[in-house]
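A.B. asks: I'd like to ask some things about the structure below.
The values are calculated or read from the model by the stated rules, or taken from the named source; none is laboratory data. Since this is a predicted model, take the numbers as computed values, not measurements. All Cβ positions, even for glycine, are placed from backbone atoms using ideal geometry, and neighbour counts span all protein chains on display. Keep in mind that these areas ignore ligands, DNA and RNA; they rest on the heavy atoms of the full protein, side chains included. Shrake-Rupley method; radii C 1.70, N 1.55, O 1.52, S 1.80 Å.
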Amino acid sequence: MSVMPYNPAEIEPKWQRIWEDQHAFEAEFPSDKKKYYCLIEFPYPSGQGLHVGHPRSNTALDIIARKRRMEGYNVLYPIGWDAFGLPTENYAIKNHIHPSIVTKENVDHFRSQLKKLGFSFDYTREVNTTDPEYYRWTQWIFLKLFEKGLAYKSEMPINWCPSCKCGLANEEVVDGKCERCGTEVTRRVKSQWMLKITAYAEKLLDGLDHVDFIERVKVQQRNWIGRSEGAEVLFALTLPNETLKVYTTRPDTLFGATYMVISPEHPLIEKYKDQITNYADVAAYRDAAAKKSEFERTELAKDKTGVQIEGFRAINPVNGKEIPVWVSDYVLMTYGTGAIMAVPAHDQRDWDFAKKFHLPIIEVVAGGKNVQEECFPDVATGKLVNSDFLNGLSVAEAKKAIIDWLTEKGIGERKVNFKLRDWVFSRQRYWGEPIPIIHCPCCGAVPLKEEDLPLLLPDVEAYEPTDSGESPLSRMTDWVNVKCPRCGADAKRETDTMPQWAGSSWYFMRYCDPHNRNALASKEALDYFMPVDWYNGGMEHTTLHLLYSRFWHLFLHDLGVVSAPEPYQKRTSHGMILGENGEKMSKSRGNVINPDDTVAEIGADAFRMYEMFMGAFDQAIPWSTSGARGCRKFLDRVWRLQDILTDEEAISQDMMVPFHQTIKKVSEDYEAMKFNTAIAQMMTLVNQINTKGSITKGELRMLLLLLSPVSPHICEEMWAQNGFGAPLHHQPWPTWDDNYLTEDLTEIAVQINGKVKAKLMVPTGMTREEGLAELPNREEVVKLVAGREIVKAVYVPGRLFNLVVK
RNA sequence: GGCGGCAUGGCGGAAUGGCAGACGCACCGCACUCAAAAUGCGGCGGGAAACCGUGUCGGUUCAAGUCCGACUGCCGCUACCA
């Protein structure tokens, strides 16, 4: 008997319809079952449509979601659209179409592409960040942050993209260039909304100890938060009642401080302009530094510049010595106190600076080479010298001693600093959430009342940003001019909008209760579904989205909105898919693979399988069209197993071991995201079945169960065609029996001096003692030893037998 | 400069310290075919062989792709963070 050929173009849409009609993948609430929440990063619905990178993450968690359902969990695996953002706005400007229309078209296209891949998303819970019913809650969270003093407006130099005409967060500046358009970023002073993420620095750091994130992610977040322990020290100045505070991680080297440096933006310069005898030089240096972009500052990092301030000096508190104060842009106003004590002997930057300007270098930690020739920054080995009461101590001991001394004298104290900066939250753009604040000349910034949310984005004629740097909304006078809700005076609305990171900072909470009109989600739904059990996404979101959303979630937890402190229990990350030439896929390189084309050629099941089989999940892998066809060939082979199907119900005795090994391997490898080896194991099994020449019904059922999370359509179809009963996705996940994992006899390797010389069959249970007693007498072994003296024998049960001979 | 990761056939990649190269791709041979495609079967690191082979050099071990030390080369993140 021979079945019809495998035709994914027919069976895939059929099963997608059946799943939809049966509401097969909708999460229940309320439910008595245990929940499992799988999450992938919701896509930005770009005009280009789906990229082959999206299905890599989606398929991986689809496998987990489908397996969990078969294990009896109430699975939440949702999808939505992160739809605010610049590309849509730019497209709208160029083509004179409203961004909301562009967004709708793109979302529809994306959804249809995803549906063709058969992901088991719960489409009834779709969210869209541009939906007023969604962004009213984004605005609500902002109001709460404002209420708690975590949202504030601040005049500050921001990164300005002259091309996008928009302020950028530090995180959106890459190599001194705009992340989006590549234009060199300049600095511009503007009044900006800021979110005080720094208030959560410690919690964001501590929370990492309680979640199961891959180590890379933890390390990157820790680095980004950048906690450092040190001390603040007050230096007296030769000015009446004036001190200069510095932050240092090396208070132990205080005796080696030979000069000080303040940042060009340091207020001391303006305050004492009359006392600074070379003020003109200092001011000129400051103004030149201000003009430099972040990029230029970094580029010129190697070559230190600076000006010595004439007119006053500082006094080193430990030895009373007067030391000069310099201005240099290697000291940043935005970190620490904007001023440092310079210890050239033990800090590379200070050393470079001292060498250039011929400043004294005094060794205070012995153990390196001549500090006049080479800086010695090591903290592990040296002992203190030239440091009075610290002499002879290790660096760690000296740190403690000097901090105690400073604290006692009241001129210093222990201090923890973070690299993390507050989040610049304003965008001078149209296509984002309006910030629900009214500026009143009397009352200042007045929040909208909660019942007035959502503050709708008004329709405007032109979305172009203005040259003045104001948002396009500023031109909407009818919308901008309002009465102050507090005092009734004429007031103006805030015209900046929120960044794209806003809507994506809480979307996983909305999925729990997406149609709620009274709250961002009900407490009951949040307490049931949160936290996300498994979140997979790109490494590029580690320091931005992943940190921002943890911040918002921790904040909402403090507010009592949600019980879980951390939003994500587990975070994994997929590797990038490269073009066939091994380079990053891009239009300009002409190496983009379109998922639609691949699905049309080999089907969604084979496409999904290839995405999982191509290599280690967390590594970057080049696409291979012939490799993808190989997966289609495998599914053809699976399909043709029906040609050799017998009427036997059970798994035959001689196949028990291979099947149980496969159940174990596949089950464990899916969990460890080792999808490639899980699939390889199933290929091996199918090869074995083909060699044997027949397959029983029980064997086919088992294979289909194991394969179905990867390639669900073909498995459902074969399941139904062969009358295997209730739909496959309702079947329980199979379990293995350890008794069937091994054969009676095991092949081991026989080594002489560590080199494999022969293979032997031994009873599987043979212990180390039995092996050592019996194996040297085996005929094959005696032959290999050839009369030489056996110095040592090692038997590793089930593995090998090694003889060391002379 | 700092932090992290990686290095295995022609290619993607397997391998709790225990038989290196599973599985797949490409390629070669054979069968089927008038022929090709598809499919099936077989081969496929180097070497005539002894043997040699997991970026380089050392070390630990009965045994190292795997652990340790030094180095080289790529990739990612970060970057004058005091």
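A.B. asks: For A:LYS356, state whether it is open to solvent by 60 Å² or more (accessible area, probe 1.4 Å), farther than 21 Å from A:PRO317 by Cβ and in a helix (DSSP H, G or I).
C.D. replies: Criteria met by A:LYS356.
A.B. asks: Residue by residue through region A:222-245, note down the ones that are among the acidic types (Asp, Glu) and open to solvent by less than 80 Å² (accessible area, probe 1.4 Å).
C.D. replies: Selection gives A:GLU232, A:GLU242.
A.B. asks: Counting residues that are open to solvent by less than 60 Å² (accessible area, probe 1.4 Å) and more than 30 Å from A:ARG637 (Cβ to Cβ), which helices (runs of 4 or more DSSP H) fully inside region A:707-795 reach at least 1?
C.D. replies: Hits in region A:707-795: A:768-774, A:779-785.
A.B. asks: For A:ALA201, which of the numbered conditions (1) assigned to a helix (DSSP H, G or I); (2) more than 13 Å from RNA strand B (Cβ to nearest atom); (3) closer than 30 Å to A:VAL246 by Cβ fails to hold?
C.D. replies: The one condition A:ALA201 does not meet is (2).
A.B. asks: Residues in region A:326-379 that are of a type in the set (Phe, Trp, Tyr) and more than 9 Å from RNA strand B (Cβ to nearest atom): how many?
C.D. replies: Qualifying residue count, region A:326-379: 4.
A.B. asks: So which residues in region A:26-42 are under 16 Å from A:PHE508 (Cα atoms) and open to solvent by less than 30 Å² (accessible area, probe 1.4 Å), if there are any at all?
C.D. replies: A:ALA27, A:TYR36, A:TYR37, A:CYS38, A:LEU39, A:ILE40, A:PHE42
A.B. asks: Which of (1) over 17 Å from A:TRP736 (Cβ atoms); (2) within 12 Å of RNA strand B (Cβ to nearest atom) does A:GLN661 not meet, given it meets every other one?
C.D. replies: For A:GLN661, the exception is condition (1).
A.B. asks: For region A:729-758, what are the residues that are of a type in the set (D, E, K, R) and under 25 Å from A:ASP669 (Cα atoms)?
C.D. replies: Answer for region A:729-758, where residues must be of a type in the set (D, E, K, R) and under 25 Å from A:ASP669 (Cα atoms): A:ASP737, A:ASP738, A:GLU743, A:GLU747.
A.B. asks: A:ARG187 - would you say it is among the basic types (Lys, Arg), within 11 Å of RNA strand B (Cβ to nearest atom) and open to solvent by 10 Å² or more (accessible area, probe 1.4 Å)?
C.D. replies: no
A.B. asks: Among the candidates A:ALA616, A:ALA606, which residue alone is touching a helix residue (DSSP H, G or I) at 6+ places or on another chain (Cβ under 9 Å), buried (at least 22 other Cβ atoms within 10 Å of the Cβ) and in contact (Cβ under 8 Å) with a residue 40 or more places away in the chain?
C.D. replies: A:ALA606
A.B. asks: Testing A:ASN241 on (1) more than 10 Å from RNA strand B (Cβ to nearest atom); (2) farther than 28 Å from A:ASP558 by Cβ; (3) within 35 Å of the chain's Cα centre (by Cα), one condition comes back false. Which one is that?
C.D. replies: A:ASN241 satisfies all of (1) more than 10 Å from RNA strand B (Cβ to nearest atom); (2) farther than 28 Å from A:ASP558 by Cβ; (3) within 35 Å of the chain's Cα centre (by Cα) except (3).
A.B. asks: Additional query: Residue by residue through region A:321-346, note down the ones that are out of contact with any helix residue (DSSP H, G or I) (no Cβ under 8 Å at 6 or more places or on another chain), open to solvent by less than 50 Å² (accessible area, probe 1.4 Å) and in a loop (DSSP other than H, G, I, E, B).
C.D. replies: A:PRO324, A:VAL331, A:GLY336, A:THR337, A:GLY338
A.B. asks: Could you check region A:87-115 and list, in sequence order, the residues that are within 26 Å of the chain's Cα centre (by Cα) and either β-branched (Val, Ile, Thr) or surrounded by fewer than 16 Cβ atoms within 10 Å (Cβ to Cβ) (or both)?
C.D. replies: A:THR88, A:THR103, A:VAL107
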